[in-house]
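Shown next, in structure tokens, is the structure this report addresses.
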Amino acid sequence: MAFNDAIQRLERYISLIKKALVTTAIIEAVLVISIGIVSNNINTDNKAINNICLILLLFFGIAYLLLLFAKTLYNKTFPGSITNELKAERELSVLKKDAERQKTISDFLVEVIKKLNGQTCALNYGDDTHLCDAGIRDGVHSLIQPVVDNVDFILDTINTQFTIGVYIAEYRSMAAHNSWDNGIIIIEDKLFKAGLIPKNLLEQANVRNEELEIQTGIRHSLNNTSFIKHDYNVGTNKFSLICSPIPLACNDDETNGVFFVISKHLPNIPIETEITLKIFNSVIANWIYRYNECVNNRQSLDND
């Protein structure tokens, strides 16, 4: 924003200079005409008039030379294309930064898919402890750690403190055979919001203030299968809640949860944030499916 403001001020300054150049052109025309008139009167027989004309000619000549010198110096040191040059340089810098950010995000995605493939292969070979031994929270965190550790790249922000979590509407519980669980799982809490986000937040009634803002945002994303960015105030502080629906494995039309990030206020987020998180959430959905399968297999073996 500061750069754009500087550009706008520079454009206004150039506009002022252009107006000044019009005035300078008028002065230049007056000087040229005056020099011509004075020159024509030098050859009169009146010596006094000749002296006055010589003085005026000298004065107008010096003024004209000074005017030409000022115009030449300005044209040399301050080209009219400077604004375009600055804009082009800025746009190139933004494009380079965005390309680097996109590459970083692509690397995250590759890393997450590698982790998912590694766990899936282990499950296929019968070693399901690698997938569900650590439980749902640690399993999800291990899967999406590259995303969690680099959320600032995804949101293109200088903020480094976030509260990150997932709400899962249905997953198999390790507590009892054929039982299911749901709730919020906090993955990272550098913004210290975990105390406001219990596992059963979406089931609670009569919540208020910031808890209500968070509950409403997550529920809106879950119920409407929609990506949202919700800004809210806590006293004089402003925060942003980003929510992205997690689909049901093999059915993108149904939602089985929400991936959410709470950050200090974000005026804008990249336009591709929605599709980026949608890709990651598809990976999470696949993992949850495999996790449920793993828990089911383990409980079946235990019963045998």
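The values are calculated or read from the model by the stated rules, or taken from the named source; none is laboratory data. Predicted model, so just to flag it, every value in this text is computed and none were measured. Quick reminder, even Gly has a Cβ in these numbers, built from the backbone with ideal geometry, and neighbours come from all protein chains shown.
Tabulated values for the structure
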{"read-out": "Qualifying residue in segment 212-229 (condition: under 25 Å from the mean Cα position of the chain (by Cα), in a strand (DSSP E or B) and free of Cβ contacts under 8 Å to residues at least 24 places away in the same chain)", "value": "yes"}
{"read-out": "Criterion violated by VAL207 - all others in (1) exposed (fewer than 11 other Cβ atoms within 10 Å of the Cβ); (2) assigned to a loop (DSSP other than H, G, I, E, B) satisfied", "value": "(1)"}
{"read-out": "ILE279 vs. criteria surrounded by fewer than 22 Cβ atoms within 10 Å (Cβ to Cβ), within 24 Å of HIS141 (Cβ to Cβ) and within 17 Å of the chain's Cα centre (by Cα)", "value": "no"}
{"read-out": "Residues (of a type in the set (S, T, N, Q), within 23 Å of the chain's Cα centre (by Cα) and part of a strand (DSSP E or B)) located in segment 159-194", "value": "THR163"}
{"read-out": "Unmet requirement for PHE239, which otherwise passes all of (1) crowded, with 18+ Cβ neighbours inside 10 Å; (2) touching an Asp or Glu at 6+ places or on another chain (Cβ under 6 Å)", "value": "(2)"}
{"read-out": "Meets criteria (in a loop (DSSP other than H, G, I, E, B), more than 20 Å from PHE162 (Cα to Cα) and either assigned by TED's automatic domain parsing to the domain that holds ALA134 or in contact with a Ser or Thr (Cβ under 7 Å, 6 or more places away or on another chain) (or both)) for SER282", "value": "no"}
{"read-out": "Cβ-Cβ under 9 Å pairs, at least 6 apart or on other chains, segment 275-294 side closer than 14 Å to ALA169 by Cα and touching a residue at least 40 places away in the same chain (Cβ under 8 Å), far side among the small types (Gly, Ala, Ser) and outside any helix (DSSP H, G or I)", "value": "ILE284/GLY257; ILE288/ALA249; ILE288/GLY257; TYR289/ALA249; ASN292/ALA249"}
{"read-out": "Residue within segment 248-257 that is under 16 Å from LEU191 (Cβ atoms) and in a strand (DSSP E or B) present", "value": "no"}
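Residues checked against (1) over 26 Å from ILE275 (Cβ atoms); (2) in the same structural domain as ALA285 (by TED's automatic domain parsing); (3) crowded, with 19+ Cβ neighbours inside 10 Å; (4) hydrophobic (A, V, I, L, M, F, W, C):
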residue	(1), (2), (3), (4)
ASP152	no, yes, no, no
VAL166	no, yes, yes, yes
ASN182	yes, yes, no, no
SER221	no, yes, yes, no
ASN224	no, yes, no, no
